[in-house]
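Here is the structure we will look at, set down as structure tokens.
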Amino acid sequence: MSATTETLVDFDEVLTRYEPALGLEVHVELSTATKMFCGCSTAFGAEPNTQVCPTCLGLPGSMPAVNRGGVEAAIRIGLALNCEIAEWCRFARKNYFYPDMPKNFQTSQYDEPIAFEGYMDVEVDGETFRVGIERAHMEEDTGKSTHVGTTGRIQGADYSLVDYNRAGIPLIEIVTKPITGAGAKAPEVARAYVQQLRELIVALGVSEARMDQGNLRADVNLSLAPIGAEKLGTRTETKNVNSFRSVERAVRFEMSRHAGILDAGGSILQETRHFHEDSGITTSGREKSDAEDYRYFPEPDLVPVAPSREWVEELRGTLPENPTAKRARLQAEWGFTDLEMRDTVGAGALGLVEETIALGSAPQAARKWWLGELARRANDTGAEISELGVSPADVAAVQKLVDAGTLNDKLARQVFDGLLAGEGTPDEIIAARGLGIVSDDGALSAAVDKAIEANPDVAQKIRDGKVAAAGALIGSVMKEMRGQADAGKVRELILAKLT
């Protein structure tokens with residue numbers, strides 16, 4: 001049976017017969033000012049093919065030189081992942097043809113990486129999984145191909161364009177050991193690992209780690225083996241998955257697809273696959289090569305890298321707080337329950353909530369907006385919460401207006417509508433949409449009188465001492481004033497008139 005068979009098995013049924021094994025390869029684009037082996041700029045968004053030189057284009061006679069900043073970032077990443085740092089390592093040439101790779105080889109590291117044998121602990125639903133780090137090595141990025149046509153992919157394209165600005169930008173590739181034993185939580189473990197790794201990278205300050213700009217890209221390896229089997233199954237590698245949600249979806253889909261093939265007596269083809277954001281499925285890319293197929297050999301134009309132990313220890317002193325310890329500290333400072341903290345982390349909103357609180361919002365208020373209103377919007381659109389276009393500064397500004405009595409929660413939601421629609425700042429949206437709480441006693445008094453006149457039975461209950469009945473009149477006034485009345489002041493006026 002062909003591995004292209006698209007018979008899918010229900011996810012829960014997969015787990016009755018098979019055990020998944022994960023492997024994640026995350027590419028981190030470093031925020032150095034220049035490329036890994038030349039002096040070309042790494043600035044994002046320049047005109048195509050304007051940030052290139054003979055070295056990053058691989059022209060004859062050009063000679064590379066190692067970017068010290070890239071080496072330093074690699075060491076700091078390795079240390080933060082509890083890795084050993086090599087006393088001596090070197091670069092290698094990884095040989096394969098790709099149209100967007102100008103040299104026909106990629107300068108990378110093979111059997112002698114800068115960092116190896118590390119780990120990161122991630123938590124999913126209260127259970128901790130230790131993800132082993134096999135290696136973190138230095139390499140360069142390729143260029144970028146744009147396939148012009150209806151599909152945006154090479155199949156069916158009218159023609160393709162290549163931009164070499166990205167070729168040579170420093171990358172750190174972080175490769176996990178096989179992750180086994182996660183069972184039903186395998187998709188969530190994959191997502192949680194990439195989320196926590198991104199948090200760590202941002203905290204280190206070595207990359208913006210923006211998945212939407214390709215600063216951080218994940219390749220998801222997945223295999224299935226019958227429960228109790230001693231050997232792992234044949235793996236597939238889903239390339240360049242560019243969101244946390246998609247990492248989880250890719251694992252789920254591949255588990256169901258693999259099981260369908262295996263149940264039918266077929267075999268899994270070791271291949272790369274493409275993930276489709278719109279449908280949540282993967283499709284075949286190319287047959288996956290093994291390491292020997294790349295014909296690695298030592299890079300003859302670069303000297304080995306031998307970081308001194310003094311330098312390594314100096315860099316160790318620059319590491320940020322451990323993510324696990326930081327979460328425990330923040331939870332205590334914010335007063336969140338275990339469930340509240342778990343949901344915040346699971347939504348990918350921890351950093352957003354932290355920034356919003358740092359800008360003056362109360363912890364529960366910050367959490368309310370990010371995990372309530374904004375998480376709902378993200379879920380409705382299938383986007384990551386960080387990709388909505390609403391910043392912590394926006395949320396803090398809205399909450400400040402709520403605290404000041406300028407907005408209530410209902411009006412604040414309309415401000416978020418405007419922010420998501422790109423209508424400007426919160427103040428600009430309030431002015432343009434005519435939002436803001438009405439506190440004018442004259443206008444409120446007239447609305448209260450109208451509500452009392454329209455609801456004489458409710459008014460009589462209040463006169464008889466049933467103050468709780470005031471809620472009905474408050475609701476009537478709020479409806480009359482399109483939710484823009486100061487509810488506290490409305491209550492005061494009602495009680496003043498009727499008691």
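The values are calculated or read from the model by the stated rules, or taken from the named source; none is laboratory data. Predicted model, so just to flag it, every value in this text is computed and none were measured. With ideal geometry, Cβ positions are generated from the backbone for all residues, glycine too; neighbour counts draw on all protein chains shown. We work out accessible area using only protein heavy atoms, side chains counted, and drop any ligands, DNA or RNA first. Shrake-Rupley method; radii C 1.70, N 1.55, O 1.52, S 1.80 Å.
Looking across the range 6-61, the residues that are among the β-branched types (Val, Ile, Thr) and assigned to a loop (DSSP other than H, G, I, E, B) come down to Thr7, Val9, Thr32, Thr42, Thr50, Val52, Thr55. Could you identify the single residue in Ser267, Ser279 that is under 22 Å from the mean Cα position of the chain (by Cα), among the small types (Gly, Ala, Ser), assigned by TED's automatic domain parsing to the domain that holds Glu139 and not in a strand (DSSP E or B)? From the options Ser267, Ser279, the qualifying one is Ser279. Which one of these does Leu374 not meet: (1) under 17 Å from the mean Cα position of the chain (by Cα); (2) assigned to a loop (DSSP other than H, G, I, E, B); (3) at pLDDT 90 or above? Exception for Leu374: condition (2). Within the range 193-207, residues that are touching a residue at least 60 places away in the same chain (Cβ under 8 Å) reach partners that are basic (Lys, Arg) with beta carbons closer than 6 Å, at six or more positions or on different chains, in the pairs Leu204/Arg76.
Filter the range 51-80 for residues that are surrounded by fewer than 20 Cβ atoms within 10 Å (Cβ to Cβ) and within 20 Å of Ile133 (Cβ to Cβ) and give the result. Scanning the range 51-80 gives Val71, Glu72. Screening the range 231-279 for residues that are more than 26 Å from Glu173 (Cα to Cα) and at pLDDT below 90 and picking the one that is most open to solvent (accessible area, probe 1.4 Å) gives Asp278.
Within the range 315-334, the set of residues being surrounded by 13 or more Cβ atoms within 10 Å (Cβ to Cβ) and among the charged types (D, E, K, R) comprises Arg316, Lys326, Arg327. The set of residues in the range 171-206 that are under 19 Å from Phe253 (Cα atoms), β-branched (Val, Ile, Thr) and surrounded by 20 or more Cβ atoms within 10 Å (Cβ to Cβ) comprises Ile179, Val189, Val194.
One line per residue, one yes/no per condition, for (1) part of a loop (DSSP other than H, G, I, E, B); (2) closer than 24 Å to Gly45 by Cβ:
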residue: Leu79; (1), (2): no, no
residue: Pro102; (1), (2): yes, yes
residue: Glu117; (1), (2): no, no
residue: Ile133; (1), (2): no, no
residue: Arg153; (1), (2): yes, yes
residue: Gly156; (1), (2): yes, no
residue: Val189; (1), (2): no, no
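If I filter the range 450-465 down to residues being open to solvent by 40 Å² or more (accessible area, probe 1.4 Å) and within 15 Å of Ser476 (Cα to Cα), which single residue comes out as modelled with the highest pLDDT?
From the range 450-465, those open to solvent by 40 Å² or more (accessible area, probe 1.4 Å) are 450, 453-457, 460-461, 463-465; that's our starting set.
Retained after the next criterion (residues that are within 15 Å of Ser476 (Cα to Cα)): 450, 453-457.
Details: Lys450: 70, Glu453: 67, Ala454: 74, Asn455: 78, Pro456: 72, Asp457: 73.
If we take residues in the range 450-465 being open to solvent by 40 Å² or more (accessible area, probe 1.4 Å) and within 15 Å of Ser476 (Cα to Cα), then Asn455 is modelled with the highest pLDDT.
Scanning the range 116-128 for residues that are out of contact with any Phe, Trp or Tyr (no Cβ under 8 Å at 6 or more places or on another chain) and open to solvent by less than 40 Å² (accessible area, probe 1.4 Å), we see that the one that is farthest from Arg68 (Cα to Cα) is Val124.
The residues of the range 130-146 that are at pLDDT below 95 and touching a Leu at 6+ places or on another chain (Cβ under 8 Å), listed by number, are Asp141, Ser145, Thr146.
Residue count for the range 345-376 satisfying the condition of being open to solvent by less than 10 Å² (accessible area, probe 1.4 Å) and either in the same structural domain as Val122 (by TED's automatic domain parsing) or among the β-branched types (Val, Ile, Thr) (or both): 2. When Pro48, Pro113 are checked against the criterion of being surrounded by fewer than 17 Cβ atoms within 10 Å (Cβ to Cβ), in the same structural domain as Met255 (by TED's automatic domain parsing) and not polar (S, T, N, Q), Pro48 stands alone in meeting it. Take the conditions (1) open to solvent by less than 30 Å² (accessible area, probe 1.4 Å); (2) in a strand (DSSP E or B); (3) within 22 Å of Gln195 (Cβ to Cβ); Gln106 misses just one of them, which is (3). Output yes when any residue across the range 208-222 is open to solvent by less than 30 Å² (accessible area, probe 1.4 Å), farther than 22 Å from Ala74 by Cα, in a strand (DSSP E or B) and in contact (Cβ under 8 Å) with a residue 40 or more places away in the chain, and no when none is. Checked the range 208-222: at least one residue is open to solvent by less than 30 Å² (accessible area, probe 1.4 Å), farther than 22 Å from Ala74 by Cα, in a strand (DSSP E or B) and in contact (Cβ under 8 Å) with a residue 40 or more places away in the chain.
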